[in-house]
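After the structure tokens below, expect a handful of questions from me.
The values are calculated or read from the model by the stated rules, or taken from the named source; none is laboratory data. Just so you know, these numbers come straight off a predicted model, no measurement behind them. Heads up, the Cβs are rebuilt from the backbone with ideal geometry, glycines too, and the neighbour counts pull from every protein chain shown. Side chains included, ligands, DNA and RNA excluded: accessible areas come from the protein's heavy atoms. Shrake-Rupley method; radii C 1.70, N 1.55, O 1.52, S 1.80 Å.
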Amino acid sequence: MIHTNLLGTQNVAYAARDAGVNRVLFISSDKAVHPEAQSYGLSKALAERFIIAFNARAYARGLRLSALRYGNVVGSTGSVVVKWRASHAAGSPLELSDPAMTRFWLSVGQAVDLVMYATRTMRGGEVFVPDAPAAPVTRMAEAVIGGEPRFNVIGIRSGGEKLHEQLLTTDEVRRARRINGVYVVPPDVPTQWHWDASAWLGEPVDPGIVYRSDVWRQATVE
């Protein structure tokens, strides 16, 4: 995780700077929010922090770096949806950590659109977070097999698996702006580190929101 998510991100950023690339977007994860007990989330959170800090050094050479953070992409390689379909086809019960578990969900197309939007509009040093719907994993399983699934409940895995995920911290909510259905979190570095000191676009976010999958707006799963 350190070699890929942190050192690998550093290598890409340094190579982009040296090659004259002008934009780098780091794809993060909801697991980067409050990652205290999870190595994967910690590595993603550290990579986010590196991208934000390195932007302050790289902008003078024409390179902007930002991060895009989102949740589960339905049907992506290694997705639980792929595993569930294989289990259902084999007549086996679907493995489930906890029936109360909830997650944020995006389609592959939505994830691609977000990447393109962030790459096109990034100023550097910010974190993009989509306004994504959430749903219980049991509801997603029902949609995957088109009926009432049988589950093999295996318990929450060691290493920091969470019951619910979060996409914005309380501190980020206070700083975030919302524009075109996307939350933009400006960098929390000194103003003199910004390549551009102009005001951030978008509307301020209600400081009382809790962007966590068990209390956020629920997805319509079909």
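Taking H as built 1.01 Å from N, whose amide H comes closer than 5 Å to the amide H of residue 94, not counting residues under 5 places away?
Those qualifying (amide H under 5 Å, at least 5 residues apart or on another chain) are 150, 151, 152.
Direction-averaged shadow area of the convex hull around the Cα atoms of the range 1-118, nm²?
8.9 nm²
Taking θ = phi - 60°, what integer Hz values does the Karplus form 6.51 cos²θ - 1.76 cosθ + 1.60 yield along the range 135-145, in sequence order, with x for Gly and Pro?
Using θ = phi - 60°, the values come out as 7, x, 5, 5, 5, 5, 4, 4, 5, 5, 9 Hz.
Keeping all protein chains in place, calculate the accessible area per residue for the chain (probe 1.4 angstrom), answer in Å².
The answer is 50 Å² per residue.
A further question on this structure: Could you work out Rg/(2.2 N^0.38 Å) for the range 127-207, with Rg from alpha carbons only?
1.59
Once Rh is set to the Kirkwood radius over Cα pairs, what Stokes-Einstein translational diffusion coefficient, in µm²/s, holds for the chain at a temperature of 10 °C and a viscosity of 1.306 mPa s?
My calculation gives 86 µm²/s for D.
Would you calculate a helix-derived [θ] at 222 nm for the chain, using -39,500 (n - 2.57) for each DSSP H run of n ≥ 4 and dividing by the full residue count, to the nearest 500?
Values: 6 runs with 71 residues, N = 222.
Only helices count here, giving -10000 deg cm²/dmol.
Within 10 Å, at most 15 other Cβ atoms, and a DSSP state outside H, G, I, E, B define an exposed site. Report the longest part of the chain free of exposed trypsin sites (Lys or Arg not before Pro).
1-149
Please find, in a Gaussian network model of the chain (springs between Cα atoms separated by less than 10 Å), the residue of 167, 63, 201 whose mean-square fluctuation is greatest.
The residue that fluctuates most here is 201.
Treat every Asp and Glu Cβ in the chain as -1 and every Lys and Arg Cβ as +1, leave all other atoms uncharged, and give the resulting dipole magnitude about the Cα centre to the nearest 20 debye.
Working: 24 positive and 21 negative charges, 112 e Å.
Here the chain has a charge dipole of around 540 debye.
Once fully extended, how much extra length lies between residue 163 and residue 57, figured as 0.36 nm per residue of separation less the alpha-carbon to alpha-carbon distance? Working shown, then result.
Numbers: separation 106, 0.36 × 106 = 38.16 nm, distance 3.75 nm.
Contour length minus the Cα-Cα distance gives 34.4 nm.
Where the accessible area of the chain is counted over protein heavy atoms with a 1.4 Å probe, how much of it, in %, is carbon and sulfur?
Carbon-and-sulfur percentage of accessible area, whole number: 54.
Moving on. Please list, or write none, the lysines whose alpha carbon is within less than 23 Å of the alpha carbon of residue 83, excluding same-chain residues fewer than 8 places away.
31, 162
Between the range 86-149 and the range 21-50, what is the separation of their alpha carbon centroids in Å?
Each part's Cα centre sits 18 Å from the other's.
Now for a separate question. Expressed as an acute angle from 0 to 90° and rounded to the nearest 10, what is the orientation of the C-alpha long axis of helix 8-19 relative to the principal long axis of the chain?
Long axis of 8-19 versus the principal axis of the chain: about 40 degrees.
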